[in-house]
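Down below is the structure, laid out as structure tokens.
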Amino acid sequence: MTDTDASLLARRFLGAAILYGVLGIALGLAMAIAHDHSQRPTHAHINVIGFVSFFLFALFYRQWGQQVSRLLARIHFWLAQAAMLGMMTGLWLFYNGQTGFEPVAAISAIAYGASFLVFAVAAWPVVAGKPQRP
Ligand code: HEM
Ligand code: HEM
């Protein structure tokens, strides 16, 4: 994709990372203050997937985005965003006692796995050192 597209995608991932960082830290603080750690898995995944993995994707697209297919990169971004939103909601409800929402968390987690596979295919030209046309 072009420089402009790569920069836009990197900034979108960065924006999402910051947003989930704020939410994850707020949930951590809320748990610590309430002395109720029941949302630990929700907090952990918002932070490590939402903040850490999205931040790393931002750096990846900033560094190598030009070598990546624009279509695959866009599918990666939107699938990962939908997955994180679903996982956060599903996990929060599940650990809040509404166990009927487990399928929401499960389907969203599988979607995050699928988005990672799209990323793996998108990143292959970079790994193999074969720049791809936009
Ligand atoms: C001020 C900010 C934060 C507070 C107050 C906070 C608070 C907590 C609390 C209370 C727990 C549960 C501990 C337990 O029951 O064992 C926890 C677990 C965890 N937090 Fe945070 N947290 C914060 C920021 C972060 C950040 C920025 C990350 C990652 C980038 C993070 C990642 C994790 C992980 C991975 C766990 C699970 C650890 C385990 O499995 O033992 N937290 N946090
Ligand atoms: C999307 C697919 C994923 C699934 C289905 C999944 C599932 C799980 C499960 C079942 C646990 C144990 C939770 C508990 O009872 O304490 C866990 C914990 C953890 N996972 Fe994941 N995980 C996924 C992705 C990831 C990714 C991508 C990362 C890192 C970037 C990660 C980091 C962690 C950490 C740090 C813990 C320990 C947190 C805790 O103790 O609550 N997970 N995960």
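What's the total number of residues in the stretch 31-60 that are within 18 Å of MET87 (Cα to Cα) and either more than 15 Å from ligand 2 (Cβ to nearest atom) or of a type in the set (A, V, I, L, M) (or both)?
5
For the stretch 100-134: of the residues being β-branched (Val, Ile, Thr) and modelled with pLDDT under 95, which is surrounded by the most Cβ atoms within 10 Å (Cβ to Cβ)?
VAL126
Looking at ARG12, ARG62, which one is over 18 Å from LEU91 (Cβ atoms) and surrounded by fewer than 17 Cβ atoms within 10 Å (Cβ to Cβ)?
ARG62
Determine which member of the set THR99, THR42 is of a type in the set (Ser, Thr, Tyr), more than 15 Å from MET1 (Cβ to Cβ) and in contact (Cβ under 8 Å) with a residue 40 or more places away in the chain.
THR42
Among the candidates GLY28, GLY15, GLY24, GLY86, which residue alone is within 12 Å of ligand 2 (Cβ to nearest atom), closer than 23 Å to ALA122 by Cβ and among the small types (Gly, Ala, Ser)?
It is GLY86.
Cβ-Cβ under 8 Å, sequence separation 6+ or interchain: first residue in the stretch 2-31 and closer than 12 Å to PHE51 by Cα and assigned to a helix (DSSP H, G or I), partner within 16 Å of ligand 2 (Cβ to nearest atom) and among the β-branched types (Val, Ile, Thr). Which pairs?
ALA17/VAL52; TYR20/ILE46; TYR20/ILE49; LEU23/ILE46; GLY24/ILE46
Consider ILE110 against the criteria (1) more than 13 Å from ligand 2 (Cβ to nearest atom); (2) part of a helix (DSSP H, G or I); (3) within 27 Å of GLN39 (Cα to Cα): it satisfies all of them except one. Which criterion is unmet?
Checking ILE110 against (1) more than 13 Å from ligand 2 (Cβ to nearest atom); (2) part of a helix (DSSP H, G or I); (3) within 27 Å of GLN39 (Cα to Cα), the one that fails is (1).
Taking the condition of being buried (at least 17 other Cβ atoms within 10 Å of the Cβ) and part of a loop (DSSP other than H, G, I, E, B), how many residues in the stretch 32-56 meet it?
Number of matching residues: 1.
Within the stretch 57-84, track down each residue that is polar (S, T, N, Q) and in a helix (DSSP H, G or I).
GLN63, GLN66, GLN67, GLN81
Return the total of residues in the stretch 1-59 being of a type in the set (Lys, Arg) and within 11 Å of ligand 1 (Cβ to nearest atom).
Selection size over the stretch 1-59: 1.
The values are calculated or read from the model by the stated rules, or taken from the named source; none is laboratory data. Being a predicted model, the structure only gives us computed values, none of them experimental. With ideal geometry, Cβ positions are generated from the backbone for all residues, glycine too; neighbour counts draw on all protein chains shown.
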